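Colleague: Submitted below is the structure of interest, expressed as structure tokens.
The values are calculated or read from the model by the stated rules, or taken from the named source; none is laboratory data. Predicted model only: the values in this text are computed from it and were never measured. All Cβ positions, glycine included, derive from the backbone under ideal geometry; neighbour counts span all protein chains shown. Just the protein is used for accessible areas: all its heavy atoms, side chains included, with ligands, DNA and RNA removed. Shrake-Rupley method; radii C 1.70, N 1.55, O 1.52, S 1.80 Å.
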Amino acid sequence: MPDKGFGVQVPVRTRRKGFSMAQPRSDEGQLSEYIVNVPDYPQPGIIFKDITPLLANGDALRRSIASLAQSFQSSKTDRIAGIEARGFILGAAVAAEIGVGFIPLRKPGKSPRDVHSVRYQLEYGFDELQVHKDLIETDMNIGLIDDVLATGGTAVAAIDLIQKGGGIVTGFGCLLELGFLAGRSKIQSTYPGLPIHALVQQ
Ligand code: AMP
């Protein structure tokens, strides 16, 4: 039975209740070993991918940041943008590793000054991302970071938002890609050729 993103209801009848994570044997464990499956969170039928054990392990965090930073090395990158909220943690660290500034892409009601906004459709209802207008300059090269790529709707909205501000998205990086939700295809059908770098595929 596949894992699932927030957007799709999949029965989990065969899944045992409770957390599941292979215990990392050492700091050299695979990054996937630090991502915990939390069944039926935040609602029944969803397998939440908890990345906090990865964040809490110094070696796994360092390797993740280094690998994400490396994925932007072949392109000129003026800024890294991160999607609220876990994309902030990773994105700011990647920006510092590359030596560029960080741009937070926020949920509505969190940005007190002039913003660009993009509303996007979820399976049920809508969500929105906003960015302070003065953080993005015309033709600024911006790398985008989030924690999980599921259906791809959030990433496409984030790219739309950056473009609305005049920026150019140089690539999308994430810790985990849930392949069966086809987020990669969604991004690539909207933005053909955009580099996508996922550290773990499930
Ligand atoms: P999507 O727009 O479907 O690609 O969803 C990606 C966004 O939702 C990311 O910001 C993730 O943090 C979050 N997300 C989606 N599915 C999950 C999941 N199964 N576990 C943890 N976060 C998820």
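Colleague: Hey, any hits in segment 127-150 for a residue that's outside any strand (DSSP E or B), modelled with pLDDT of 95 or more and under 27 Å from Leu31 (Cα atoms)? Before the answer, list the steps.
Modeller: Kept after step one, since they are outside any strand (DSSP E or B), are these residues of segment 127-150: 133-140, 150.
From the residues that got through so far, the ones that are modelled with pLDDT of 95 or more too are 133-140, 150.
Restricting the remaining residues to those that are under 27 Å from Leu31 (Cα atoms) gives 150.
Within segment 127-150, one or more residues are outside any strand (DSSP E or B), modelled with pLDDT of 95 or more and under 27 Å from Leu31 (Cα atoms).
Colleague: Now for a different question. Which condition breaks for Leu122 when tested against (1) touching a residue at least 60 places away in the same chain (Cβ under 8 Å); (2) among the hydrophobic types (A, V, I, L, M, F, W, C); (3) surrounded by 15 or more Cβ atoms within 10 Å (Cβ to Cβ)?
Modeller: (3)
Colleague: Just one of the numbered conditions (1) open to solvent by less than 60 Å² (accessible area, probe 1.4 Å); (2) touching a strand residue (DSSP E or B) at 6+ places or on another chain (Cβ under 9 Å); (3) within 13 Å of the ligand (Cβ to nearest atom) is not true of Gln130; which one?
Modeller: Against the list (1) open to solvent by less than 60 Å² (accessible area, probe 1.4 Å); (2) touching a strand residue (DSSP E or B) at 6+ places or on another chain (Cβ under 9 Å); (3) within 13 Å of the ligand (Cβ to nearest atom), Gln130 comes up short only on (3).
Colleague: Still on this model: In segment 144-158, which residue that is closer than 19 Å to Leu68 by Cβ and in contact with a Phe, Trp or Tyr (Cβ under 6 Å, 6 or more places away or on another chain) is farthest from the ligand (Cβ to nearest atom)?
Modeller: Leu144
Rundown of residues vs (1) more than 14 Å from the chain's Cα centre (by Cα); (2) surrounded by fewer than 21 Cβ atoms within 10 Å (Cβ to Cβ), yes/no style:
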site: Pro44; (1), (2): yes, yes
site: Leu54; (1), (2): yes, no
site: Asp59; (1), (2): yes, yes
site: Ser75; (1), (2): yes, yes
site: Ile83; (1), (2): no, no
site: Ile89; (1), (2): no, yes
site: Ala92; (1), (2): no, yes
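Colleague: Out of the residues in segment 106-124 that are in a strand (DSSP E or B) and aliphatic (A, V, I, L, M), state the one that is nearest to the chain's Cα centre (by Cα). Steps first, answer last, please.
Modeller: Quick first cut of segment 106-124, residues in a strand (DSSP E or B) only: 106, 115-121.
Filter once more, keeping what is aliphatic (A, V, I, L, M): 115, 118.
Working: Val115: 21, Val118: 17 Å.
It comes out as Val118.
Colleague: Now, a different point. Condition test on Glu84, is it among the charged types (D, E, K, R) and at pLDDT below 95? If you could, list the steps in order and put the result at the bottom.
Modeller: Details: among the charged types (D, E, K, R): yes; at pLDDT below 95: no.
Here the answer is no, as Glu84 does not meet what is asked.
Colleague: Restricting segment 61-73 to residues that are part of a helix (DSSP H, G or I) and in contact with a Gly (Cβ under 8 Å, 6 or more places away or on another chain), which is least open to solvent (accessible area, probe 1.4 Å)? Please lay out each step first, then the result.
Modeller: Step one: of segment 61-73, the residues part of a helix (DSSP H, G or I) are 61-71.
Pick out the ones that are also in contact with a Gly (Cβ under 8 Å, 6 or more places away or on another chain) and you get 68, 71.
Values: Leu68: 0, Ser71: 39 Å².
Step by step, filter segment 61-73, then rank; the result is Leu68.
Colleague: Tally up the residues in segment 75-100 that are touching a residue at least 24 places away in the same chain (Cβ under 8 Å), away from the ligand (no atom under 16 Å from the Cβ) and closer than 16 Å to Gly171 by Cα, please.
Modeller: 6
Colleague: Another question, if that's okay. Provide a single number: the residues in segment 153-201 that are open to solvent by 10 Å² or more (accessible area, probe 1.4 Å), among the small types (Gly, Ala, Ser) and not in a loop (DSSP other than H, G, I, E, B).
Modeller: Summing the residues that are open to solvent by 10 Å² or more (accessible area, probe 1.4 Å), among the small types (Gly, Ala, Ser) and not in a loop (DSSP other than H, G, I, E, B) in segment 153-201 gives 5.
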